[in-house]
Amino acid sequence: MRTQVVIVGGGPSGLLLSQILNLRGIESVLLERQSEAHVLGRIRAGVLEQGLVDMLRAADVGERMDKEGIVHHGFDISCNGERHHINLSELTDGKSVMIYGQTEVTHDLYDARCKMNGNVINEAKNVALFDLETDHPSVIYEKDGKSHKIECDFVAGCDGFHGVSRGSIPTNILREYEKVYPFGWLGILSETPPVSDELIYNQHDHGFALCSMRNANLSRYYIQCSLEDKVEDWSDERFWEELKTRLPEDAAKSLVTGPSIEKSIAPLRSFVSEPMSYGRLFLAGDAAHIVPPTGAKGLNLAASDIHYLSSALIEFYSNGNERSLKIYSETALKRVWKAMRFSWSMTMMLHKFPENEGFGDRMQRTELEYLFSSKAAQTSLAENYVGLPY
Ligand code: RFL
Ligand code: PHB
C-alpha cells in the first residue's frame, strides 16, 4: 500500500492531523494500537485553549463542542482555605477557555473520520518505522496476524509517551530532559453537580486539590497523593473526606458527593525530547513531551504541534516547499518550552513538596501572596493559562 502520510497513534494529535490533512486533500493512513472503544474510554484533559477550539471548528469538528462545551472566563486559587479569583477575560482582553473533555474531542474526531471514510486502522500491532532518513520511508504493522507494509512520503509520530516513534530516532541525535515530581494525582469522575461554576485550584498543607468538571452533572476532582498509593487504598469515602479538608469551607460544605465512576492515579512529570523531527519523521504531542497536568497544557500543546505540522505538510503538498517542515522542530519546541515552564511553575506553586520544609514552604507562600497582590503577576498567569499565541 502507498499513502502520503502515515500517522502513528490515534489519540487527539493523530486524529486531528488526519482530519485536517483529509480536508486539504492530503492522503493519510492512521495506525492505532488499541481498539476504538479503548481509546474512547480514556478520561484525560478537560480545558481547551482558544487555539484548540478554533482548530476544531476549522476542522469541522466543533459543532457538539459549541453546543455542550462551557466557556469559562476565570478560575479560583485557594490558599489554605482562602479563595482568590483569577479573572482570565479581564486580564487577557476578553480571552477565555472552553470546558470540554478530551474524551469528547476524541469522540468527535473519530465520528468525523468515520463519516469521511478516513483511513483509521485500529488494533494495528508491532508498528515499526523504516528509512526515515530517506524521502521514501515505510511503515510495517501487523493486523489480525498478518503483516502489512505502507510506503509513504512522511511519518507523523503521534503515538504518545510510550509509542515507538520517538525511539526510532537514533540515540546519538536525541536529547531528553526530564523532571519527575515526588507525587501523583488521584482523580475521580462522579455524576454529581460541580462544587463551583468555575475550577478551583487548591493549595493546602495536606497537598494540592483540584475541582474541575465536564458538565452540569459530571464532576472531575483530583487530589495530590503519594507515589506509593494505590487506587484500592482510596475508597470513595476516604477521597471525599480528604478533598473536603483541602477545600475552602464554603466549597467543602456545598460539595455534593456520590459514587465515583472512574478513579485513577497519574504520576506527574515534565519531559521534553529534542529534536521533534528526524529525516521524514515528525513527532507531535505526548510522543515528544509531557507536562504535569497542573497548567492544563498537555492536550493544548498537542494541538499547537499539529497546527505547525499540518501547516508545514499543506505547504509542502501545495508548492513543494520543505522550508516549514525543516524548521518544524525548532518552531514547535519554542512553544513547548514555554508551556513546560508554565506547567512546572504552577506545579511548584500549588503542591506540597515533602522536601520543602522551612525555606521552600515560605517561598511558596510568598509566591502566592505576591500573585494575589499583583495584577502584573495575575496577567502573566492568565495569558499563559488561556494559551500563548501559535
Ligand atoms: P495520546 O493521547 O497518548 O495518544 C497516543 C495514541 O497512540 C497510541 N499508540 C500507538 N499506536 C500505534 N502503535 C504504537 N506503537 C502506539 N503506541 C501508542 C495510543 O494507544 C494512543 O491512542 O497522545 P496525544 O494524541 O499526543 O495527546 C496528548 C494528550 O492525550 C495528553 O497530553 C493529555 O491527555 C495529558 N493528560 C492531561 N492533560 C491535561 O491537560 N489535563 C489532564 O487532566 C490530563 N490528564 C493526561 C491526563 C495524560 C494521561 N496519560 C497519558 C497517562 C491523564 C493521563 C492518565
Ligand atoms: C480536568 O478537568 O481534567 C483538568 C482541568 C484542569 C487541569 C487539569 C485537569 O489543570
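A few comments on the model shown:
- Count of segment 322-366 residues which are open to solvent by less than 30 Å² (accessible area, probe 1.4 Å) and at pLDDT below 95: 3
- Listed by first and then second residue, the pairs with beta-carbon distance under 6 Å, at least 6 apart or on different chains, first residue in segment 252-264 and over 20 Å from Asp229 (Cα atoms), second not in a helix (DSSP H, G or I), are Leu255/Val195; Val256/Thr192; Val256/Pro193; Gly258/Ser190; Gly258/Thr192.
- Residues in segment 205-235 that are away from ligand 2 (no atom under 13 Å from the Cβ) and open to solvent by less than 30 Å² (accessible area, probe 1.4 Å): Gly207, Cys225, Trp234.
- The residues in segment 368-390 that are part of a helix (DSSP H, G or I) and either open to solvent by 40 Å² or more (accessible area, probe 1.4 Å) or of a type in the set (D, E, K, R) (or both) can be counted, and the count is 9.
- Residue satisfying all of: in segment 252-262; within 16 Å of ligand 1 (Cβ to nearest atom) and open to solvent by less than 50 Å² (accessible area, probe 1.4 Å); farthest from Ser235 (Cα to Cα) among these: Glu262
- Segment 23-40, residues that are open to solvent by 50 Å² or more (accessible area, probe 1.4 Å) and either over 26 Å from Gln4 (Cβ atoms) or within 16 Å of ligand 2 (Cβ to nearest atom) (or both): Ala37, His38
- Of all residues in segment 289-298, none satisfies being aliphatic (A, V, I, L, M), within 15 Å of the chain's Cα centre (by Cα) and within 22 Å of Gln4 (Cβ to Cβ).
- Residue list for segment 267-299, restricted to those being among the aromatic types (Phe, Trp, Tyr) and either part of a helix (DSSP H, G or I) or within 12 Å of ligand 1 (Cβ to nearest atom) (or both): Phe271
- Scanning segment 332-355 for residues that are of a type in the set (Lys, Arg) and within 18 Å of Tyr222 (Cβ to Cβ) yields one hit, Lys352.
- Within segment 292-315, the presence of at least one residue that is farther than 26 Å from Leu48 by Cα and open to solvent by 10 Å² or more (accessible area, probe 1.4 Å) is confirmed.
- Close contacts from segment 123-150, counting a first residue that is open to solvent by 70 Å² or more (accessible area, probe 1.4 Å) and a second that is within 15 Å of ligand 1 (Cβ to nearest atom) and of a type in the set (Val, Ile, Thr), with Cβ to Cβ under 9 Å and a gap of 6+ residues or different chains, come to Asn126/Ile140; Asn126/Val164; Phe130/Val139; Phe130/Ile140; Glu142/Val127; Ser147/Ile140; Lys149/Val139; Lys149/Ile140.
- Identity of the residue in segment 153-173, over 20 Å from Leu313 (Cα atoms) and of a type outside the set (A, V, I, L, M, F, W, C), that ends up farthest from ligand 1 (Cβ to nearest atom): Asn172
- Some residue of segment 106-121 being crowded, with 18+ Cβ neighbours inside 10 Å, within 16 Å of ligand 2 (Cβ to nearest atom) and not aromatic (Phe, Trp, Tyr): yes
- Of all the listed residues (Val47, Val53, Val71), the sole one being within 16 Å of ligand 2 (Cβ to nearest atom), of a type in the set (A, V, I, L, M), surrounded by fewer than 17 Cβ atoms within 10 Å (Cβ to Cβ) and within 22 Å of the chain's Cα centre (by Cα) is Val71.
- Selection status of Glu198, charged (D, E, K, R), open to solvent by 30 Å² or more (accessible area, probe 1.4 Å), closer than 30 Å to Arg64 by Cβ and more than 15 Å from ligand 1 (Cβ to nearest atom): yes
- In segment 8-29, the count of residues that are of a type in the set (S, T, N, Q) and part of a loop (DSSP other than H, G, I, E, B) is zero.
- Some residue of segment 300-307 being more than 17 Å from Ser13 (Cα to Cα) and of a type in the set (A, V, I, L, M, F, W, C): no
- Conditions (1) of a type in the set (A, V, I, L, M); (2) out of contact with any Cys (no Cβ under 9 Å at 6 or more places or on another chain); (3) within 16 Å of ligand 2 (Cβ to nearest atom): number failed by Ala302: (2)
The values are calculated or read from the model by the stated rules, or taken from the named source; none is laboratory data. The structure displayed is predicted, hence computed values, not measured ones. Quick reminder, even Gly has a Cβ in these numbers, built from the backbone with ideal geometry, and neighbours come from all protein chains shown. Only protein heavy atoms, including side chains, enter the accessible area calculation; ligands, DNA and RNA are left aside. Shrake-Rupley method; radii C 1.70, N 1.55, O 1.52, S 1.80 Å.
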